[in-house]
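Peer 1: Please see the structure below; I have some questions.
What follows draws every value from the coordinates through simple rules; no lab data is involved. The structure presented is a predicted model; accordingly, all values stated were derived computationally and were not measured. Neighbour counts are summed over all protein chains in view; Cβ atoms, including those assigned to glycine, are modelled from backbone coordinates with ideal geometry.
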Amino acid sequence: MSSDLQPGQLVRSIAGRDKGRWLLIKRGIDDKFVEVIDGRMRSFKKPKKKNRKHLQATQCVDRKINEICMEAKSLKDADVKEAIQRLLECEEL
């Protein structure tokens, strides 16, 4: 897995209670941890702190989510769910 995860990037949890779930990166906390969201169990306002090594990265990044997270703006959970669905249709998966 790449250590250069970016906001809006689609990842899959490979460890923990959320194993197998698709998530989006909200932001990097430090070299070891990131915050992830899915719009359901993990809302934009209450992201999950997750160890980077417990995530499997994809090459798919939602540019709209990326811009919003980089500007520290708020986002609706419905938009997060839609972004995950769009990215799951990405050809690289």
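Peer 1: Where Lys and Arg each count +1 and Asp and Glu each count -1, what net charge lies around Ile29 among other residues with Cβ under 10 Å from its Cβ?
Peer 2: Within the 10 Å Cβ shell, the charges total +3.
Peer 1: With charges set only on the Cβ (+1 for Lys and Arg, -1 for Asp and Glu), what does the dipole of the chain come to about its Cα centre, in debye to the nearest 20? Walk me through the numbers before you get to the answer.
Peer 2: Values: 22 positive and 15 negative charges, 121 e Å.
The calculation lands at about 580 debye.
Peer 1: Oh, and also: Starting from the Cα of Arg27, move 7 Å in the Cα-to-Cβ direction to define the label point; list residues of the stretch 58-90 whose amide nitrogen is under 11 Å from there.
Peer 2: So the set is 69-74.
Peer 1: Return, in residue-number order, each cysteine of the chain whose C-beta is not under 4.7 Å from any other cysteine's C-beta.
Peer 2: Result for the chain is Cys69, no neighbouring Cys Cβ within the cutoff.
Peer 1: Using θ = phi - 60° and the Karplus relation 6.51 cos²θ - 1.76 cosθ + 1.60, list the HN-Hα couplings for the stretch 51-68 in order, rounded to whole Hz, with x at every Gly or Pro.
Peer 2: Computed from phi, the couplings for the stretch 51-68 are 5, 4, 6, 9, 10, 10, 7, 10, 8, 8, 10, 8, 5, 5, 5, 4, 5, 5 Hz.
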